[in-house]
Structure formats: C-alpha cells, structure tokens
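Before any comments, here is the structure.
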Amino acid sequence: MNHLTQISLLSFILFVHLTDAPLTFATEADAAKPRQTSTPKVQVTTTKLPDLPLELTSFGGAVADGTLFIYGGHSGTAHSYSTAEQSDEFWALDLNAAKQWKQLPSGPRLQGLVMLPYKKSVVRIGGFTARNAEGEEHDLHSQRTVSRYDAMNERWIDLAPMPEPRSSLSAAIMGDHIFVIGGWALKGEATTWHGTAWKLDLKDPNATWQPIAKPPFKRRALFSAVHDGKIHVIGGMKSDGGPTTRTDVYDPATDQWSQGPSLKGKPLTGFGAAAQSMSGQLYVSTIDGNVQRLSDDGKTWEIVADYEPARFFHVMVPWTNDKMLLVGGANMSVGKFTEIDSVEIVAD
C-alpha cells in the first residue's frame, strides 16, 4: 500500500473515530481556568507564553538549556503537501524570560522530522521534503540528514547521515547516543516501511550509525521517550492493519525488545501522540484529549487528565520540575494550535 492510499485510509479512520466520539471545545472563559481532569494529581491549563509564530503539525520541537526550539513542520491544509506548505523556519523561545520568539538560521523544508535536546542545543533528524508545487501531484521524498545546531556560532552542523532516508519516525537520546526507530522512506510513488533501527554516538565526530536489535514491528507516526533507562516506543500506524495503541520497550543495556502495555482507548488513540518522562513518571498526550501515565510497575496506562480540544501531531516537552508543555499540533475539527498548554503535576 503506497503512502497516498495510507492517507486516504487514515481520513476514513479519523472520520469514523470523530463521528463515534464527538469532541467538545473550550470557550475563552474556560481557557483562563484549569481544564477539567479525571484526577486532582494532574491538570492541563493554557499558559501565558507567547503563541507560536505559525501554525504547525509534524514539526520538530525540543527544550534545551531552558529554551524551547521548533523547526519545520506542515503549515498547509490536511492531506495537502507541497513546497509552499512546508516550513523551513527555526524558532526559539527563552522560557526563563518568555517575551517573544526569536528566529534562528533556517535549513531545508521538512516535516515528519524529530528534534531532540543534546547538551545545550538540539539535533534535527530526518523528515521529508515535498518537491511539488501546491495543487500538483505529490512528490514527497524522505531525507537521511541529521544536523546539530551550533548555538554559539548560530549555524547548523551536519552529522553522519542515517543509513536510509526516514520520515514519520521516532527517535530518542540516551546519554551521548541517538536512537532512530520506525518510520518510512518516501520516494515519489514508492514507499518503504522501515524494519531497522540504529544508534549514533554523538561524542565521536567520526562515528557512523550502528544497528541495534531489529524492532518487532513496522510503524510510523509513533513516538519514543526515554524512561527508567529504556526507550518506550508508543503507538503509531502499522504497515498493515491501521493505527495501534501498542507500546514496545527497548533496553540498550541488553539490546533487547519487550512488549509493554497498550494505551487505553481505540486504536486511533496511539496515532500522532506525544510522550515525555517527568519526575520519574512517563506521560502520553493523545488525540482523544487525555493524558495517560504509565503505572509504576510498567504494566498498565491510566488516564490522569482530560483536556479540550484534543491535539495530535504535537509535541510534549519539559518546562519545570512539575510542568510539561503541549506545543503545536492540530484538532480535526478546529484546525491547528498556536497557543501553548501546560500539563502540571499537582501536589497532594
């Protein structure tokens, strides 16, 4: 099944999901109050941080050294991809004195990429570029590029390219190693789902990508997060069979995979989700408009907060010791978000 067929299938799945479980929306008055949660331990509120400088989905987002960075992404309408609808912009917001966004040196137009914090800066990984003009037949190409932003000299430095083009992927950093997992390679009409996974040593300037144990799945639009010394790979779209709530866990110490618990909800719950570990707990924000937390024994997910309207293809990043940020993304009924929400752990 090529990527255009997958997109058509997803449109149908989204329609069925939203018809079966209609969303409700917050008013301006509601936005000033904490949004309703299913437990007092976690709440989602709208922050007073400056809005994003543009509407984006499928972008790279990370917090490094107290600064929120965003790169690239899709700025067009749903299921329409073109050069004009992809961003090449790179922005930063100092979270310690959040007055306005600062535009930084740009790079290639990309969406479906990952950006991760490393030391005091960020690393940009993969993504795809549209070569067609708006309204033309899609001509989409995944990229192998990996680049680190040199904040001192305000420039991008290319690292070793991935062994194969990869977009709609997940990635994580543990220590000095990047791990890339899942995703696919788009090349015009050709689509290859990846069954490989790799790691790169960032502290070695001459390092090349090394294979890790083959994942027991082929998925894209998934999300990875480091928690308890392991990489948790959450949800996504399967190469056959549609979206999934499945969680898989990779242990770098043993180079082995194990299967974790599934998210609560329908299969679509795991599509375009975002995850973050904070204060010793792993959290996921889903298209259903809920925040789920992994139990201490790692055997179940529990819904700990609900928020409206729901987001997907967003990022969830750390802010303070007890707060995370929900940044960007979209809702199938209300469109893309520029306001930034906070997920806060409330003291007992």
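Filter segment 331-348 for residues that are among the acidic types (Asp, Glu) and more than 16 Å from the chain's Cα centre (by Cα); which is surrounded by the fewest Cβ atoms within 10 Å (Cβ to Cβ)? If you could, list the steps in order and put the result at the bottom.
So the first thing to find is which residues in segment 331-348 are among the acidic types (Asp, Glu), and the list is 339, 341, 344, 348.
If we keep only those that are more than 16 Å from the chain's Cα centre (by Cα) as well, we get 339, 344, 348.
Numbers: Glu339: 15, Glu344: 20, Asp348: 4.
Selected residue: Asp348.
Can you tell me how many residues in segment 301-323 are under 19 Å from Gly270 (Cβ atoms) and either more than 13 Å from the chain's Cα centre (by Cα) or β-branched (Val, Ile, Thr) (or both)?
Of the residues in that region, 10 qualify.
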Among (1) surrounded by fewer than 14 Cβ atoms within 10 Å (Cβ to Cβ); (2) touching a Phe, Trp or Tyr at 6+ places or on another chain (Cβ under 7 Å), the one test that Glu154 misses: (2)
Answer residue from segment 176-205, given it is surrounded by fewer than 16 Cβ atoms within 10 Å (Cβ to Cβ) and among the basic types (Lys, Arg) and is farthest from the chain's Cα centre (by Cα) among those: Lys203
Check Leu268 against each of (1) surrounded by fewer than 23 Cβ atoms within 10 Å (Cβ to Cβ); (2) modelled with pLDDT of 95 or more and name the one condition it does not meet. (1)
Single unsatisfied condition, Asp288 versus (1) over 20 Å from Ile173 (Cβ atoms); (2) in contact with a strand residue (DSSP E or B) (Cβ under 7 Å, 6 or more places away or on another chain): (2)
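Quick one: which of Trp198, Trp209, Trp184 is touching a Leu at 6+ places or on another chain (Cβ under 7 Å) and farther than 30 Å from Val343 by Cα? Explain how you work it out, then say what you get.
Numbers: Trp198 fails: touching a Leu at 6+ places or on another chain (Cβ under 7 Å); Trp184 fails: touching a Leu at 6+ places or on another chain (Cβ under 7 Å).
Testing whether each residue is touching a Leu at 6+ places or on another chain (Cβ under 7 Å) and farther than 30 Å from Val343 by Cα leaves just Trp209.
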With the structure loaded, tell me whether Ser106 is over 26 Å from Thr244 (Cα atoms), surrounded by 12 or more Cβ atoms within 10 Å (Cβ to Cβ), of a type in the set (Gly, Ala, Ser) and modelled with pLDDT of 50 or more or whether it fails that test. yes
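Being buried (at least 24 other Cβ atoms within 10 Å of the Cβ), closer than 20 Å to Leu56 by Cα and in contact (Cβ under 8 Å) with a residue 12 or more places away in the chain is the requirement here; does Met316 meet it? Steps first, please.
Details: buried (at least 24 other Cβ atoms within 10 Å of the Cβ): yes; closer than 20 Å to Leu56 by Cα: yes; in contact (Cβ under 8 Å) with a residue 12 or more places away in the chain: yes.
Spelling it out, Met316 is indeed buried (at least 24 other Cβ atoms within 10 Å of the Cβ), closer than 20 Å to Leu56 by Cα and in contact (Cβ under 8 Å) with a residue 12 or more places away in the chain.
Residues are listed down the side, and each one gets a yes or a no for (1) over 15 Å from the mean Cα position of the chain (by Cα); (2) assigned to a strand (DSSP E or B):
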| site | (1), (2) |
| --- | --- |
| Ile70 | no, yes |
| Tyr81 | yes, no |
| Ala92 | yes, yes |
| Ala97 | yes, no |
| Gln100 | yes, no |
| Gln103 | yes, yes |
| Gly107 | yes, no |
| Met115 | no, yes |
| Val122 | no, yes |
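Residues Ile231, Ile157: which one is free of Cβ contacts under 8 Å to residues at least 24 places away in the same chain, of a type outside the set (D, E, K, R), more than 15 Å from Arg144 (Cβ to Cβ) and touching a strand residue (DSSP E or B) at 6+ places or on another chain (Cβ under 8 Å)?
The unique qualifying residue is Ile157.
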Hey, any hits in segment 175-189 for a residue that's under 21 Å from Val315 (Cβ atoms), small (Gly, Ala, Ser) and assigned to a loop (DSSP other than H, G, I, E, B)? yes
Could you give me the residue pairs with C-beta distances under 7 Å whose first residue belongs to segment 49-75 and is at pLDDT 95 or above, whose second residue is basic (Lys, Arg) and surrounded by 20 or more Cβ atoms within 10 Å (Cβ to Cβ) wherever it lies, and which are 6+ apart or on separate chains? Glu55/Lys336; Leu56/Lys336; Thr57/Lys336; Gly60/Arg124; Tyr71/Arg124; Gly72/Arg109
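The values are calculated or read from the model by the stated rules, or taken from the named source; none is laboratory data. Only a predicted model underlies this, so the values are computations on that prediction, with no experimental measurement involved. Counting neighbours? That spans all protein chains shown, and the Cβs are built from the backbone with ideal geometry, glycine included.
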